[in-house]
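Student: Let me give you the structure first, and then I'll get to my questions.
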Amino acid sequence: MPNPQVHAWYSALYHCVELRHAIPMQAIRTVWNAKPFFWLLLTIPAIAPLIGYFGGSLSAHDVVYPLGEWGARWLILALIVGPLATIFRRLGWAKWLVQRRRALGVMAFVYGLVHLVFYAIDKGTLDTILAELPEIGIWTGWVAVLLMLPLALTSNDTSVRVMRAAWKKLHLLAYPAFVFVMAHWALIGDFGALVWAVPVIALQAWGFLIRKR
């Protein structure tokens, strides 16, 4: 007599295979390549903390850190897209990432901004916020968000067309923003956060050497 659990597993696998054949691969590719779908993917890490907060199971303090960390991760990914595209310029996935780099940068700012909003809610009063502002672990976070603000506002085709060469110069602010984000993360969390800086530095150096050659 077959094991019921094994039978259920095979049944689920069979239905997955049937579903794969029922959905044309072209439709899957269309959804995967749709930029709104990518934006949706970037919001996923925020869903659980926000549901927890508005559902009453998490406090503002509980939400501050995960949102800030994910903002830092999106900024890191945005910064490594360029060198990856240089190193693997012949591969299709590199071009796919380049086309979505702006989304990563904008979402890094959005997560950082929401992180600040919940930080303010957690502190409760303006006096408390101002009292903590001189601490290096705090003001580095504020500076990072302020540096990313003009980048997020100009991450669109109209700004690229109007600003021309100035657009690229402005978006070099992403690098000092990264430095302040890493400083904030390390000082507020722990210095182990600086491990996240390694791929950015290594890939940027690698990409620079390739361009020089």
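Student: Quick one: is Phe118 within 16 Å of the chain's Cα centre (by Cα) and modelled with pLDDT of 95 or more?
Tutor: no
Student: Condition test on Trp74, is it assigned to a helix (DSSP H, G or I), open to solvent by 20 Å² or more (accessible area, probe 1.4 Å) and at pLDDT below 95?
Tutor: no
Student: Find all pairs meeting these conditions: Cβ atoms under 6 angstrom apart; at least six residues apart or on different chains; first residue within the stretch 131-153 and without any contact (Cβ under 8 Å) to a residue 24 or more places away in the chain; second residue of a type outside the set (D, E, K, R) and in a helix (DSSP H, G or I).
Tutor: Glu132/Ile138; Leu133/Trp139
For (1) among the acidic types (Asp, Glu); (2) without any contact (Cβ under 8 Å) to a residue 60 or more places away in the chain; (3) open to solvent by less than 60 Å² (accessible area, probe 1.4 Å), each residue gets a yes or a no:
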site	(1), (2), (3)
Thr30	no, yes, no
Lys35	no, no, no
Ile44	no, yes, no
Gly52	no, yes, yes
Ala60	no, no, yes
Leu79	no, no, yes
Thr86	no, no, yes
Leu97	no, yes, yes
Val110	no, yes, yes
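For every residue, the table says whether it meets (1) open to solvent by less than 40 Å² (accessible area, probe 1.4 Å); (2) under 21 Å from Gly82 (Cβ atoms); (3) under 21 Å from the mean Cα position of the chain (by Cα).
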{"position": "Asp127", "(1), (2), (3)": "no, no, no"}
{"position": "Trp142", "(1), (2), (3)": "no, no, yes"}
{"position": "Ala152", "(1), (2), (3)": "yes, yes, yes"}
{"position": "Thr158", "(1), (2), (3)": "no, no, no"}
{"position": "Lys168", "(1), (2), (3)": "no, yes, yes"}
{"position": "Val198", "(1), (2), (3)": "no, yes, yes"}
{"position": "Ala202", "(1), (2), (3)": "no, yes, yes"}
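The values are calculated or read from the model by the stated rules, or taken from the named source; none is laboratory data. In this text the structure is predicted, and so the values were computed from the model without any measurement. A quick note on method: Cβ atoms are made from the backbone with ideal geometry, for glycine too, and the neighbour counts reach across all protein chains shown. The protein model used for the area step is the full one, side chains on, heavy atoms only, and it has no ligands, DNA or RNA in it. Shrake-Rupley method; radii C 1.70, N 1.55, O 1.52, S 1.80 Å.
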